[in-house]
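Novice: Following this message is one structure expressed as structure tokens.
The values are calculated or read from the model by the stated rules, or taken from the named source; none is laboratory data. Just so you know, these numbers come straight off a predicted model, no measurement behind them. Note that we place each Cβ from the backbone using ideal geometry, even for glycine, and neighbour counts take in every protein chain shown. Accessible surface is based on the protein model in full, side chains and every heavy atom, while ligands, DNA and RNA are left aside. Shrake-Rupley method; radii C 1.70, N 1.55, O 1.52, S 1.80 Å.
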Amino acid sequence: MCGIIGCVGRPDSTLDTLVHGLSKLEYRGYDSAGVALANGDIEVVKRAGKIEELREALEGRSVGGEVGIGHTRWSTHGPPTDENAHPHTDCTDRVAVVHNGIIENYQSLRDELAEAGHEFRSDTDTEVVPHLIEQHLSGGADPESAFRAAVERIEGSYAVAAVLAGEDRVFAAREDSPLVLGLDEEAYYLASDVPAFREFTDKVVYLEDGEFAVLDAGGWSVTDAAGSPVEKTVDTVEWDPEETGKSGYDHYMLKEIHEQPRALRQCLSGRVEELDGRVSLDVDVDPTAVQFVACGTSYHAAVYGAYLFQSIGIPAQAFLASEYTTSPPPLDDELVIGVTQSGETADTLSALREARRRGAKTLAVTNTVGSTAARECDDVLYIRAGPEIGVAATKTFSSQVVALTLLVERINDDDRETIAALRDLAGNVQQILDESTAREVAEEYYDAGAYFFVGRGPAYPVALEGALKFKEISYEHAEGFAAGELKHGPLALVTGETPVFAVVTGDDELARKTIGNVKEVEARDAPVIAVTDGRSDIERYADHVLEVPETDPETAAILANVQLQLVAYHAAALLDRPIDKPRNLAKSVTVE
Ligand code: F6R
């Protein structure tokens, strides 16, 4: 949660670089934003609201400086006001700090600092940091030692960066929150995520927990908690800066929905042998049983993954990461798979750590190279979806499911039909994108007020995901159910005004039973929208049909999900919602 950026070495454009970086990080939080520039003094400009508000506040002002830091906030301590926006400063306005994460001992530090005469201007936990730095400076510490000493006092999760008056350096540190350095020829950056500076460089250094970094115009250095220099690897980012733009689409979400064919090809690339269709993955796992931990959309991919493992006879269960501590401990040889596109979700990281404490081997299925999940797990399977900026996850869900399907197929010794379906998947998704009538469905029902989504087997997580996507961006009430559960309670809510989206692919037992449940809602006059490959007779009971190409049952639900993404998108667009930045949400949730 929250995005931070720092920049040195672009004295003519420090402010523009910071604001541009913030606009690329806005997906991490968009309650308020601010910048601090060091130009002898410290100049801070910050505003409640989106980055646009900050831009307006900066208009006509000449704010310059050799070095600077910036922040876009997702509120945890205190409402989104100008005062609570970062950067936060000390009593003398000579220290400015931005922070992502939660300082757990902030109250005791705040009491101690207040007692010593420090005056606080915000409700945030972060504000203790500039005051701690101030205290160490006034005790005679040099700037770097004062920063280190302040960080040593804080407990919790943080990526923190500071600038000081009279200094042309940026100081930074991380613990349980991401921080990456960007290295250009004459400029250096730090940020919560690579898109913040990708336009300027593809050379990056990922900081580890407990590490400190100092950037100045002459270079960069990383040290460990004891102050000893750390040899870091410089990685090269493989995606283009254009991938983080909207490429002519009205919203990132729509662009990312349309990027799915490419994302799926990337996910498969080099992993399925041309000739014999064998799957090769660079992961060393052969589990006898699997536990999944994940949140939100990734949890739905995990439920799908559990179904795939069960279908080859390997016991598997998906847990909401935030509930994992109450789950049964993993058995011997049980693999715990964390599904997380960002690789930084605090609930998922904490569940994975718990799994390791319990002695399990862990695998991260993630989109983010160098993320905490990727680094901490025993093994990692990258989904290769490319950057996803829209807060609502779309292409990463499809790529997560495909990556898990590949894993299952490798363990299962490659089921030919599923492999063939995976190879066809990108083309099938493209066909849906070209021919979908989702917009017409959205036009008919976008203000119904309540929506149900149902499915069985792999269509069940897709029903959950369809409802989540719909509610988070349209703000309309939407619920997903296992189709068989409708009659055990939710059916009481179904009226002639409640659209029910039924995912029915194939013509097997699961499809027949779902159709039975669809008849139950049809009998209550509810409009039925069938998402189907036309192999069953569901169309007879449906008011609308969203077609998907016929394919293997293991992958058909991924196609159905694309139709539901489009329905959610068009409904939200008709309701004029801020689709890429839904209220109260953020892309990367780094608090538990
Ligand atoms: C919904 C959405 C969230 C995330 C969840 C987990 O569209 O994006 O529900 O899926 O916050 O995030 P990751 O996958 O980064 O762990």
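Novice: Take the residues of region 306-321 that are among the aliphatic types (A, V, I, L, M) and assigned to a helix (DSSP H, G or I): which is farthest from the ligand (Cβ to nearest atom)?
Specialist: Leu308
Novice: Across region 158-168, which residue is surrounded by the most Cβ atoms within 10 Å (Cβ to Cβ) among those that are touching a helix residue (DSSP H, G or I) at 6+ places or on another chain (Cβ under 7 Å) and part of a strand (DSSP E or B)?
Specialist: Taking the candidates together, the pick is Ala162.
Novice: Moving on to the next point. I'd like to verify a number: residues in region 560-592 that are crowded, with 24+ Cβ neighbours inside 10 Å, more than 13 Å from Ala438 (Cα to Cα) and not β-branched (Val, Ile, Thr), how many?
Specialist: Matching residues across region 560-592 total 2.
Novice: Would you mind stating whether Thr92 is under 21 Å from Arg148 (Cβ atoms), assigned to a loop (DSSP other than H, G, I, E, B), open to solvent by 10 Å² or more (accessible area, probe 1.4 Å) and in contact (Cβ under 8 Å) with a residue 40 or more places away in the chain?
Specialist: So Thr92 passes the test.
Novice: Moving to a separate point now. Hey, can you tell me all the residues within region 459-516 that are within 16 Å of the ligand (Cβ to nearest atom), among the aliphatic types (A, V, I, L, M) and within 19 Å of Val401 (Cα to Cα)?
Specialist: Val462, Ala463, Leu464, Ala467, Leu468
Novice: Considering (1) within 14 Å of Gly68 (Cα to Cα); (2) in contact with a helix residue (DSSP H, G or I) (Cβ under 6 Å, 6 or more places away or on another chain), say which one Pro195 fails and leave the rest.
Specialist: For Pro195, the failing item is (1).
Novice: Of everything in region 66-84, what is without any contact (Cβ under 8 Å) to a residue 60 or more places away in the chain and open to solvent by less than 20 Å² (accessible area, probe 1.4 Å)? Give them in sequence order.
Specialist: If the condition is that a residue be without any contact (Cβ under 8 Å) to a residue 60 or more places away in the chain and open to solvent by less than 20 Å² (accessible area, probe 1.4 Å), then Asn84 is the only one that fits.
Novice: Tell me, yes or no, whether region 564-581 has at least one residue that is in contact (Cβ under 8 Å) with a residue 12 or more places away in the chain, outside any helix (DSSP H, G or I) and more than 16 Å from the ligand (Cβ to nearest atom).
Specialist: Here is the first cut: in region 564-581, the ones in contact (Cβ under 8 Å) with a residue 12 or more places away in the chain are 564-575, 577, 579-581.
Among the residues that remain, those that are also outside any helix (DSSP H, G or I) are: 575, 577, 579-581.
Restricting the remaining residues to those that are more than 16 Å from the ligand (Cβ to nearest atom) gives 575.
Checked against the condition, which is being in contact (Cβ under 8 Å) with a residue 12 or more places away in the chain, outside any helix (DSSP H, G or I) and more than 16 Å from the ligand (Cβ to nearest atom), region 564-581 yields at least one hit.
Novice: Still on this structure, please answer the following. Any idea which residue in region 3-54 is farthest from the chain's Cα centre (by Cα), counting only those that are of a type in the set (A, V, I, L, M) and open to solvent by 20 Å² or more (accessible area, probe 1.4 Å)?
Specialist: Ile42
Novice: Need a quick list: strands (runs of 3 or more DSSP E) entirely within region 322-426 having at least 2 residues that are open to solvent by less than 20 Å² (accessible area, probe 1.4 Å), modelled with pLDDT of 90 or more and within 14 Å of the ligand (Cβ to nearest atom).
Specialist: 334-340, 361-366
Novice: With in contact with a strand residue (DSSP E or B) (Cβ under 7 Å, 6 or more places away or on another chain), open to solvent by 50 Å² or more (accessible area, probe 1.4 Å) and β-branched (Val, Ile, Thr) as the only criterion, which of Thr223, Thr236 stands out?
Specialist: Thr236
Novice: Further question on the same structure: Modelled with pLDDT of 95 or more and of a type in the set (D, E, K, R): which single residue out of Glu155, Glu211, Glu175, Glu186 fits that description?
Specialist: Exactly one of Glu155, Glu211, Glu175, Glu186 is modelled with pLDDT of 95 or more and of a type in the set (D, E, K, R), namely Glu211.
Novice: Exactly one of these conditions fails for Val35: (1) β-branched (Val, Ile, Thr); (2) in contact (Cβ under 8 Å) with a residue 60 or more places away in the chain; (3) within 18 Å of Gly166 (Cα to Cα). Give me its number.
Specialist: Here Val35 clears every test but (2).
Novice: Name the pairs whose Cβ atoms lie under 6 Å apart, with the first residue in region 113-131 and without any contact (Cβ under 8 Å) to a residue 60 or more places away in the chain and more than 16 Å from Arg148 (Cα to Cα), the second of a type in the set (Asp, Glu) and surrounded by fewer than 19 Cβ atoms within 10 Å (Cβ to Cβ), and 6 or more positions between them or separate chains?
Specialist: Close Cβ pairs (under 6 Å, with a partner that is of a type in the set (Asp, Glu) and surrounded by fewer than 19 Cβ atoms within 10 Å (Cβ to Cβ)) amount to Arg121/Glu83; Ser122/Glu83.
Novice: Another question, then. Just checking, how many residues over region 68-88 are of a type in the set (Val, Ile, Thr) and over 30 Å from Asp216 (Cβ atoms)?
Specialist: Qualifying residue count, region 68-88: 2.
Novice: Residues that are at pLDDT below 95, at negative phi and open to solvent by 50 Å² or more (accessible area, probe 1.4 Å): does region 252-262 have at least one?
Specialist: Yes, because at least one residue in region 252-262 is at pLDDT below 95, at negative phi and open to solvent by 50 Å² or more (accessible area, probe 1.4 Å).
Novice: Continuing with this model, one more query. Going residue by residue through region 289-301, is there one that turns out to be small (Gly, Ala, Ser), in contact with a helix residue (DSSP H, G or I) (Cβ under 6 Å, 6 or more places away or on another chain), outside any strand (DSSP E or B) and farther than 20 Å from Ser177 by Cβ?
Specialist: Scanning region 289-301, I find at least one residue that is small (Gly, Ala, Ser), in contact with a helix residue (DSSP H, G or I) (Cβ under 6 Å, 6 or more places away or on another chain), outside any strand (DSSP E or B) and farther than 20 Å from Ser177 by Cβ, so the answer is yes.
Novice: Of the residues in region 465-497, how many are buried (at least 21 other Cβ atoms within 10 Å of the Cβ), among the polar types (S, T, N, Q) and not in a helix (DSSP H, G or I)?
Specialist: Result for region 465-497: 0.
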